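The values are calculated or read from the model by the stated rules, or taken from the named source; none is laboratory data. No experiment lies behind these values; they were computed from the predicted model shown. So basically every Cβ, Gly included, is an ideal-geometry build from the backbone, and we count neighbours across all protein chains shown. Keep in mind that these areas ignore ligands, DNA and RNA; they rest on the heavy atoms of the full protein, side chains included. Shrake-Rupley method; radii C 1.70, N 1.55, O 1.52, S 1.80 Å.
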Amino acid sequence: MKSYKITLIKGDGIGPEIIDEAVKVLDAVASCCEIDFSYDEALMGGSAYDITGDPLPQETIIKSLNSDAVLFGAIGGQKWDTLPREKRPESGLLRFRKELGVYANLRPAVVYDELINASSLKPEIIKGVDIMVVRELIGGIYFGEPKGRTEDKGWNTMVYTRMEIERIAHRAFKAAQQRDKRVCSIDKANVLDVSQLWRDVVTEIAAQYPDVALTHMYVDNAAMQLVLNPRQFDVMLTGNIFGDILSDEASMLCGSIGLLPSASIGDKIGVYEPIHGSAPDIAGQGIANPIATISSASMMLRYALGEIEAADKIDAAIKKALREGYRTQDLALFDAKEVCSTSEMGSLIANYIVR
Ligand code: IPM
Ligand code: MG
């Protein structure tokens, strides 16, 4: 029996509810695939600030680095929006990503046939969409210096070094080799010097992957193309802020942001988290969609632990729940046979996991 240590960071808002469902599903897959999980909870975000005065206690970093993978819910909420920047939940998350060195954020956007009517786009446009956004996560304008704020002026700087671009480009080309072998690199090279460097370096790295076709696209055009003809994309390689925006956009191809998982990886430990936020407006009501987090747990099994069979079982169970017509509130209007709560959805998926 293989055992793994998982750090659970529930965070704020709906974070605790959705992590609980993912754990339910992990436990189901554990008993059926002879895996043993031990969980250790750690604090991050506003709830960490409330208890310790710090949105990222040192203990959270230590626990995470000593585990096999981190499963993370979400952070943030209005309650903490007026704190000084470094005390805000988001600063905790950014520091966490930086400390763990998770520079590559993989965000798959796959349209489930079962939810073909749930997208705001027409079925014939989105049928078969299968995109992997590869977002650089610990550089760019989120982290660049100088940055600052006075009463009348605020500034941030978008910086990328050759090394940062090279390593994320390698990730994107390697991901493409496992897929349809196409990378579209997104930048704003017509205006930004940092983007011209991005484009030059990505083009250089592409020479090492002759089996992968590389194209470049300006980010404004990419935002348009994503809703005009999303099937043209296989891997979308982007910097930090462009990837943040485009992955939210891509989620709507799929019907709900409550469906999309992500994997944040580097050279150490990986962090697996839904792409959505903490949704404080619906927290505690039992209506959040746990699928993005359950699906993130599946990515964790696949990428961090190499438990492919277990991951496949979770993915199949999610599909089955959707095929049978079970929907959480966010998808209630789309071919729902039955609308269920957060925990009912978790239990259904867990029960569909069979040997
Ligand atoms: C995401 C989120 C975060 C980001 C926030 C919460 C800091 O939007 O993971 O996409 O901007 O990276
Ligand atoms: Mg985001």
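Couple of notes before you dig in:
- Filter result for residue 186 (within 16 Å of ligand 1 (Cβ to nearest atom) and over 30 Å from residue 123 (Cβ atoms)): no
- Comparison of 40, 20, 50, 54 shows that the only residue that is open to solvent by 10 Å² or more (accessible area, probe 1.4 Å), in a helix (DSSP H, G or I) and over 21 Å from residue 275 (Cβ atoms) is 50.
- Residue within region 108-116 that is within 16 Å of ligand 2 (Cβ to nearest atom), outside any helix (DSSP H, G or I) and not acidic (Asp, Glu) present: yes
- First in region 244-262 and at positive phi, second anywhere and more than 12 Å from ligand 1 (Cβ to nearest atom) and in a helix (DSSP H, G or I), Cβ under 8 Å, 6 or more apart: 255/115; 255/331
- Flag if residue 298 is touching a helix residue (DSSP H, G or I) at 6+ places or on another chain (Cβ under 7 Å), small (Gly, Ala, Ser) and either assigned to a loop (DSSP other than H, G, I, E, B) or surrounded by fewer than 19 Cβ atoms within 10 Å (Cβ to Cβ) (or both): no
For (1) closer than 12 Å to residue 109 by Cα; (2) more than 21 Å from the chain's Cα centre (by Cα); (3) open to solvent by less than 50 Å² (accessible area, probe 1.4 Å); (4) away from ligand 2 (no atom under 16 Å from the Cβ), each residue gets a yes or a no:
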site	(1), (2), (3), (4)
202	no, yes, yes, yes
212	no, yes, yes, yes
245	no, no, no, no
259	yes, no, yes, no
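- Flag for residue 297 being more than 13 Å from ligand 2 (Cβ to nearest atom), within 21 Å of residue 21 (Cα to Cα) and in contact with a Leu (Cβ under 7 Å, 6 or more places away or on another chain): yes
- Test: residue in region 228-240 that is assigned to a helix (DSSP H, G or I), within 16 Å of ligand 1 (Cβ to nearest atom) and not basic (Lys, Arg): yes
- From the options 11, 15, residue that is modelled with pLDDT of 95 or more and at positive phi: 11
- For region 86-107, a residue qualifies if it is touching a strand residue (DSSP E or B) at 6+ places or on another chain (Cβ under 8 Å) and either open to solvent by 40 Å² or more (accessible area, probe 1.4 Å) or part of a helix (DSSP H, G or I) (or both), and the qualifying residues are 89, 96, 97, 100.
- Residues in region 121-147 that are open to solvent by 70 Å² or more (accessible area, probe 1.4 Å), farther than 24 Å from residue 180 by Cα and not basic (Lys, Arg): 145, 146.
- Top-ranked residue in region 159-183 [being open to solvent by 30 Å² or more (accessible area, probe 1.4 Å) and either in contact with a His (Cβ under 7 Å, 6 or more places away or on another chain) or β-branched (Val, Ile, Thr) (or both); ranked as farthest from residue 201 (Cα to Cα)]: 159
- Residue match in region 272-290 (condition: open to solvent by less than 20 Å² (accessible area, probe 1.4 Å), outside any helix (DSSP H, G or I), within 16 Å of ligand 1 (Cβ to nearest atom) and within 27 Å of residue 1 (Cα to Cα)): yes
- Pair list, Cβ < 6 Å and 6+ apart or interchain, from region 305-332 residues that are in a helix (DSSP H, G or I) to residues that are among the polar types (S, T, N, Q): 311/298; 314/298; 315/298; 330/256; 330/289; 331/256
- From the list 43, 65, 56, 8, the lone residue that is of a type outside the set (S, T, N, Q) and without any contact (Cβ under 8 Å) to a residue 40 or more places away in the chain is 43.
- Residue match in region 322-343 (condition: out of contact with any Gly (no Cβ under 6 Å at 6 or more places or on another chain) and basic (Lys, Arg)): yes
- Output for region 320-355, where each listed residue is open to solvent by 20 Å² or more (accessible area, probe 1.4 Å), of a type outside the set (A, V, I, L, M, F, W, C) and within 26 Å of residue 4 (Cα to Cα): 343, 347, 351, 352, 355
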